[in-house]
Structure formats: C-alpha cells, structure tokens
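This report refers to the structure that appears directly beneath it.
The values are calculated or read from the model by the stated rules, or taken from the named source; none is laboratory data. These numbers come from a predicted model, not from an experiment. Cβ: placed from backbone, ideal geometry, glycine included. Neighbour counts: every protein chain shown. For the accessible areas, the whole protein counts, side chains as well, though only heavy atoms, and no ligand, DNA or RNA atoms are used. Shrake-Rupley method; radii C 1.70, N 1.55, O 1.52, S 1.80 Å.
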Amino acid sequence: MDLHTGTTFIKPSVQAIHPLPALMKTASLFTYALTALIFALFVPPIASAQTPMTPEQAEVAKNRFNKAIEERVLRVLQGVEVTEEQLRPMQEALIQFFAPMQIEQAKMQAERRKLQAEGGGPTTRDRQAMMQRRQKLERLRGDLNKKVKAILDKKQYKSFQSTMEKLMPQQRRAPGGRGGR
C-alpha cells in the first residue's frame, strides 16, 4: 500500500486476470499474426486442390479463416481466467489447435459438397478418409488438453473444459457406430 496516496498494489503475477481490453487487443494481434502465418503455410496446398480463386476471393477467405480462429481463441480466453504469464502459452496452444482443426473441417465440408454435387453416396474410401480426419481432430483435441493441463491449475482447467464443451461439443456416437440403425 502506498502511504501517500492510499492506493493498494497487487502483483500482476498473483492476480488472476479476466482478459482486460488492452490485454485482449494484444492477444488479438498475436492471434491474428500467428493465424496469418499458419494460413500462408497450410492453406495454399488445400486451395490448389480446389477450384481457383481470384486474389480478392483468397483474401476474403484468409480474413474469414483468421477471424474464425481469433473469435474462438478469444471466446475460450474470456471463459477462463488466466494470469498474464499464462496468456501467451494459452494462445499458442489454442491457435495450434484451432488452425489445423479449421483446415480439416474445411476439407471435410468440401468433400461432402463434392459428393453431393456428384449425386452419389460416399464410397468406402470416402468414409475411411472422413474417419481419418475425425481421428486427426480427436488427436488435436487430446494434444490441446495435455498442453492446457500443463498451463492451467485444476480450477482453471475445469473452466476451460466447460468453455470448450460449449464452443465445440464433442460428438457422441450411439452404440453400434451407425446411430442404432
């Protein structure tokens, strides 16, 4: 406590922070920069397999991709009270999860659209490719949980799990694998 002003000082490392606007802006800029890098590295190979885009369409797609990841990272950070020291590792872990997840989901949607356009049902090979993508997403989620568990304490991790469940509910399968048919 400062005796002259009567102000009480709290060490930031001790105080749990619900991301403040300035901190969130920094988080947002960091998130944007990292997702732009990921977009530049991973999306061109995906896009080359798709129909060609104009530069304007590519820019719109990149911005939509970055915004989706940024919004998800911010929603998770808002749902979990993190300290300043935990903020950057949390952002990195979340971006390393959401960017590839977003890409895999885009691939799955493109494959579904392609199958619908062709008018035929999925072949065994198509189903196997979808299952491999789902398994990859499950591995990404498992990796994220391990990283976050190492960063957060038990109470924070519980909040994280709750926030993630609201943001991205796990798909539950009925016994028998095909919805009980």
task = Enumerate the amide H contacts of Val82 below 5 Å, restricted to partners 5 or more residues apart or on another chain; note that Pro and chain-start residues carry no placed amide H.
result = Ile17
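Ignoring ligands, DNA and RNA, what accessible area per residue does segment 61-128 give at 1.4 Å, in Å²? Present the calculation step by step, with values, prior to reporting the outcome.
Working: 3730 Å² over 68 residues.
Accessible area per residue, segment 61-128: 55 Å².
With a ≥ b ≥ c taken as the square roots of the eigenvalues of the C-alpha gyration tensor of segment 102-142, please select rounded if a/c is under 1.5 and otherwise prolate if a/b is larger than b/c or oblate if it is not?
Oblate, since a/c reaches 1.5 and b/c is not below a/b.
Report the gain in length on full extension from Arg134 to Lys146: 0.36 nm times residue separation, minus Cα-Cα distance, nm rounded to one decimal. Could the numbers behind the result be given before it?
Details: separation 12, 0.36 × 12 = 4.32 nm, distance 1.85 nm.
Between Arg134 and Lys146, full extension yields 2.5 nm more.
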query = From the backbone phi of segment 75-85, what are the Karplus-calculated ³J(HN,Hα) couplings (6.51 cos²θ - 1.76 cosθ + 1.60, θ = phi - 60°) in whole Hz, Gly and Pro given as x?
reply = 5, 5, 5, 6, x, 10, 7, 10, 7, 4, 5
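Could you compute the net charge surrounding Gln96? Neighbours are other residues with a C-beta less than 11 Å from the C-beta of Gln96; K and R count +1, D and E count -1.
Cβ neighbours under 11 Å give a net charge of -1.
If you take the square roots of the eigenvalues of the alpha-carbon gyration tensor of segment 105-168 and sort them as a ≥ b ≥ c, do you get rounded (a/c under 1.5), prolate (a/b over b/c) or oblate?
Details: a/c = 4.71, a/b = 2.84, b/c = 1.66.
The shape class here is prolate.
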